[in-house]
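Since every read-out is calculated from the coordinates, none of them should be taken as a lab result. Keep in mind that this is a model prediction, so the values were computed, not measured.
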Amino acid sequence: MIYLRQYLDPAYVVLLEEENKEDVLNRLIDSLVTSPNILDKETFRKEVFKREGIISTGIGLGIAIPHVKIKEVKDITICVGVSRKGIEWGALDNQPVHIVFLIAGNAGQHELYLRLLSKIVLVLKNAARRNKIIQAKNGKDVLDLFTNL
């Protein structure tokens, strides 16, 4: 069984004040590129925006999951952003996004990558959990909501 919590790090949980998708993506990217798993910061940034340009990663329910799999990433690394106000994202349901999971994976990690995407969606389907994440006071509180998940 895969546990999402083992891929989350307090250093990569961001309480967002930004008000638009581009600023949010840049903030999350700036956080995640501090990881030693991101081998080429500019390529990573470029690929995240390229992927978002193909189709919005806003999947509905106030969730967006921007993601890339590239050789310039050594191992799967995740950054979580939380916005109380919500961000216009062009989501499938046309609702603002409050929770963003930015996932960086290596091009060869396809199976794990898909399992993590599925797990994130499964965990965040729970409306009460989403609301608790949005109301969290800090990154530790956000991570605590993923204990045993």
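Per-structure values
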read-out	value
Per-selection metrics, the stretch 43-115 (Cα): Rg and Dmax in Å	12.5, 36
222 nm mean residue ellipticity, helices alone, for the chain (DSSP H n ≥ 4; -39,500 (n - 2.57); rounded to 500)	-11500 deg cm²/dmol
Fraction of alpha-carbon pairs over 22 Å apart in the chain - percent	32
Antiparallel DSSP beta bridges within the stretch 1-129, percent to nearest 5	55
Ratio of the Cα radius of gyration of the stretch 93-139 to 2.2 N^0.38 Å, where N counts its residues	1.36
Per-selection Kirkwood Rh - the stretch 1-62 (Cα, Å, 1 d.p.)	13.3
Reachable aspartates and glutamates, given that their alpha-carbon falls under 18 Å from the alpha-carbon of Lys137 and they are not under 8 places away in the same chain	Asp9, Glu17, Glu18
The stretch 1-123: relative contact order in percent, alpha carbon pairs under 8 Å with at least 6 residues between	30
